[in-house]
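Student: Provided herewith is a single structure, encoded as structure tokens, for subsequent inquiry.
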Amino acid sequence: MIRRLTPSLSPGLLAIFIFVALPMLWVVRTSFNDLAQGSFIVETFTLDNYTRFLGDPWYLVNTLWFTVRIAILSTAVSVICAYPVALYIARTTGVQRNILMALIMAPLLIGLVTLVYGWIVIFRGGGLLNSLMIALNVYDEPVRYMWDIKGVVILLVYIGMPYIVLSLMDSIERISPYLVEAARNVGASPWTAFWKIVFPLTMPGLYAGLVIVFSLNFAAFAVPLMIGDSNTQMIGLVIYREALLNNDLPFASALSVIMVSVNALILVGMAVLFGRLILNRLEAKR
Amino acid sequence: MSDDAIQVQGAMKRYGAVMAVDDVSFNVAPGEFVSLLGPSGCGKTTSLRMIAGFIDPSGGAIRVHGRDVTYLPPERRDLGFVFQNYALWPHMTVAENVAFGLKLRKKSRSFIKDKIEESLSVTGLSGYAARLPRELSGGQQQRVALARALALEPQVLLMDEPLSNLDRALRVVMRRELKELQARMKMTTLYVTHDQEEALSMSNRVVIMNKGRVEQIAAPYELYENPATTFVADFVGITNFLEGVVVDTEPGWVGVRLETGQVLRAVIRQPVSRGSAVRALIRPERVTLSTAPIDGLNVLRGRVVLSEYFGAVLRYTVRLDDGGTLRSEVHNFDGFIAPGEQVWICALPEHLRVIPHERRAGE
């Protein structure tokens, strides 16, 4: 089977090698180079870029750890918001479903820049969100969302939701309603049937959504750039500054290598965790 | 009356303008094996699912051991259910599937352990406790589903076409095992099937359903020998119909004049009124062919048009001289009758059944 698939896959594999693997190898190589007089790359082999990162708490804590926390937080909130939505949409049919799907997919279709400008109208001092919250008596004074971490998280949550909804719906729709009936039949309340049967069986979809959204959030760049301020130094933004504003490609490369490695580590951790929890049981052994 | 394990009274289910289940009533006595038999769409599964609580009835009442459960949620009915597609929880091992309901009932760990072992051994699954459902064959999965239901010692076991996803050979084996197990455990069982062989061979009584209504409730032998309606006669086994009108009524028997003018005598159990349109029916195995002329009552004449040899059975199709065809089945045969040969048939009055020729909507 695998042997027969190989020829048809090879152009794709070649493309991945040329456009993904080679540039990454180049980035890895560059991260060991030096910068002379603050602007010229010197071909060498130095660990300076890495020691600079590891030796500076600003990078370690305010950038990397901060990014990890923001990515975890916004991914978690995305999941909490997306789960009931996915459950609800999975039960709808026809026109209602098409409308709901279009609404959920909207952030993916609009384009990030347009989307962010749209949210500025909502976020700004006298904007929609503040007017609404004040009208609902949630708080009295306008709260700052723009150029603040709150706005960044809200937007990341919003952009992450469609991915999680879509991948969850795929899992939810695979669950036969008979499985829930069988649980009810042996004495489970609707709530117990959900937690013991439906929820575990949506783990594959949840996992797929988590992987995508966590990676997107971890590497977020446009949202912190446009909504954030000098305190929202997510690592993607810092790399952009080092590469294009400070012209320090070797250091930007080192940051990129660190970002990709940390992300990969977290994803491997998630794979192990989810595999142990449930996925190993659901997937056929090879 | 409240001695019944299950009592269904005037149960109804309406979907828009369609009555999926229309005024269905029957009961299941403790320890009894009752089947709901009928073609697809006859309302048998809907009836079973209403009893289990998966569907709310539009009307009527359902009682379990005298307790009204009509609008109770399924988890409060204490009924076992075995699904056609097994419905095993794929993320749980065999043991976990069986234990799930026991854990919900807060049984002790040792009790659960014993119960798992017991129900797996009863269903012939000892040694499979740690397997996942996907590692089992269809037959084994259905045994797990059965073990899962039995472990809870439900008041009644409801089964929805549990064997129809299995291949034929396995189905026959499982059918016998299931019946043997049910009889041994004296488990009150309500069994839905479209397979008449299953229903006839396993049940104490069969409820025949058609278009949402009950056609007849009777023991398998009664159903076959004394069908109450044309539908039952046609659905259960193969039968020959002869259309006619009642011309003579005597205590215990009637004369039925066929369209050809010939009058057949038939033994009756329920009185039929003179002049009513009826169908006289005779089962193929009661139709004996003779190549020598016979005289007397109830003799029909025809020609063999087709003979089909199946080993244990020889089937003839006979075209009657007066029109119409009869099928004949011979089990102990000592010679073949060639197609084209003239045959005489004596339909004994005690082998003929008379059924009112009802005309119903949609027929």
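Student: Evaluate peptide B:84-90: per residue, the Cβ atoms of other protein chains within 10 Å of its Cβ; return the mean as an integer.
Tutor: 5
Student: Compare the Cα positions of B:Pro349, B:Ala130, B:Ala20 along the charge dipole of chain B (+1 at Cβ of Lys, Arg; -1 at Cβ of Asp, Glu; about the Cα centre) and return the one farthest towards the positive end.
Tutor: Result: B:Ala130.
Student: Compute the length gained on full extension between A:Ala15 and A:Val95: take 0.36 nm times their separation in residues and subtract their Cα-Cα distance, giving the result in nm to one decimal.
Tutor: So the extension gain works out to 24.8 nm.
Student: Using a basic spin-label model with each label point 7 Å from the Cα along Cα→Cβ, how many nm lie between B:Met19 and A:Leu108?
Tutor: Between B:Met19 and A:Leu108, the simple spin-label model gives 4.8 nm.
Student: With point charges of +1 on the Cβ of Lys and Arg and -1 on the Cβ of Asp and Glu, referenced to the Cα centre of segment A:57-282, which listed residue (A:Phe218, A:Val257, A:Val186) lies farthest in the positive direction of the dipole?
Tutor: It is A:Val186.
Student: May I ask you to derive the relative contact order of chain B, considering only C-alpha pairs under 8 Å and at least 6 residues apart, and to give it as an integer percent?
Tutor: Reported as a whole number, the value is 15 percent.
Student: Taking the number of other C-beta atoms within 10 Å as the exposure measure, put B:Thr46, A:Thr92 in order starting with the fewest.
Tutor: Least to most surrounded, the residues fall as A:Thr92, B:Thr46.
Student: Something else: Would you please name the GluC sites (Glu not before Pro) within segment B:154-206 that are DSSP coil residues with at most 12 other C-beta atoms within 10 Å of their C-beta?
Tutor: Loop-located and lightly packed - none at all.
Student: Based on DSSP H runs of at least 4 residues, each adding -39500 (n - 2.57), what is the mean residue ellipticity at 222 nm of the protein assembly as shown after dividing by all its residues, to the nearest 500 deg cm²/dmol?
Tutor: -13000 deg cm²/dmol
Student: Moving on to the next point. With only Lys, Arg, Asp and Glu charged, each at its Cβ (+1 for the first two, -1 for the last two), find how big the charge dipole of chain B is about the Cα centre; round to the nearest 20 debye.
Tutor: 1220 debye
Student: Could you pull out the longest piece of chain A with no exposed loop chymotrypsin sites (Phe, Trp or Tyr not before Pro) in it, calling a site exposed if DSSP puts it outside H, G, I, E, B and it has at most 13 other Cβ atoms within 10 Å?
Tutor: Value returned for the longest uninterrupted segment is A:140-286.
Student: Another question, then. May I ask you to derive the relative contact order of segment B:238-356, considering only C-alpha pairs under 8 Å and at least 6 residues apart, and to give it as an integer percent?
Tutor: 30 percent
Student: Greater than 31 Å separation of Cα atoms is the criterion. Which listed pairs, A:Lys196/B:Lys179; A:Lys196/B:Lys113; B:Lys44/B:Lys113, meet it?
Tutor: In this structure, A:Lys196/B:Lys179; B:Lys44/B:Lys113 exceed 31 Å between Cα atoms.
Student: Arranged by the count of other C-beta atoms within 10 angstrom, fewest first, what order do A:Leu103, A:Leu87, A:Leu156 take?
Tutor: The most exposed by this proxy come first: A:Leu103, A:Leu87, A:Leu156.
Student: Continuing with this model, one more query. By count of other Cβ within 10 Å, fewest leading, how are B:Lys113, B:Lys211, B:Lys44 ordered?
Tutor: Ranked by crowding around the Cβ, least crowded first: B:Lys113, B:Lys211, B:Lys44.
Student: Let me ask something additional. Mind giving me the FRET efficiency for A:Asn231 and A:Thr46? R0 is 22 Å, r the Cβ-Cβ distance, nearest 0.05 is fine.
Tutor: 0.10
Student: What translational diffusion coefficient, in µm²/s and rounded to a whole number, does the Stokes-Einstein relation yield for segment B:238-356 at 20 °C and a viscosity of 1.002 mPa s, taking the hydrodynamic radius as the Kirkwood radius over Cα pairs?
Tutor: 146 µm²/s
Student: Mind checking segment B:231-312 for GluC sites (Glu not before Pro) that DSSP puts in a loop (not H, G, I, E or B) and that have at most 14 other Cβ atoms within 10 Å?
Tutor: When the GluC sites (Glu not before Pro) of segment B:231-312 are filtered for loop state and at most 14 Cβ neighbours within 10 Å, B:Glu259 remain.
Student: Under 20 Å between alpha carbons, and skipping anything fewer than 8 positions from B:Lys115 in its own chain: which lysines qualify?
Tutor: Straight-distance partners of B:Lys115: B:Lys103, B:Lys106, B:Lys107, B:Lys186.
Student: What does the charge dipole of the protein assembly as shown about its Cα centre add up to, to the nearest 20 debye, if the Cβ of each Lys and Arg holds +1 and the Cβ of each Asp and Glu holds -1?
Tutor: Charge dipole, the protein assembly as shown, about its Cα centre: 700 debye, nearest 20.
Student: Where in segment B:266-331 are there chymotrypsin sites (Phe, Trp or Tyr not before Pro) that are in a DSSP coil and have at most 15 other Cβ atoms within 10 angstrom of their Cβ?
Tutor: Counting only loop positions with at most 15 other Cβ atoms within 10 Å, the chymotrypsin sites (Phe, Trp or Tyr not before Pro) in segment B:266-331 are B:Phe310.
FYI, it's all coordinate maths here, none of it is from the lab. Quantities reported herein were computed from a predicted structural model and do not represent experimental measurements. Methodologically, a virtual Cβ is constructed for each residue, glycine included, from the backbone with ideal geometry; neighbour enumeration extends over all protein chains shown.
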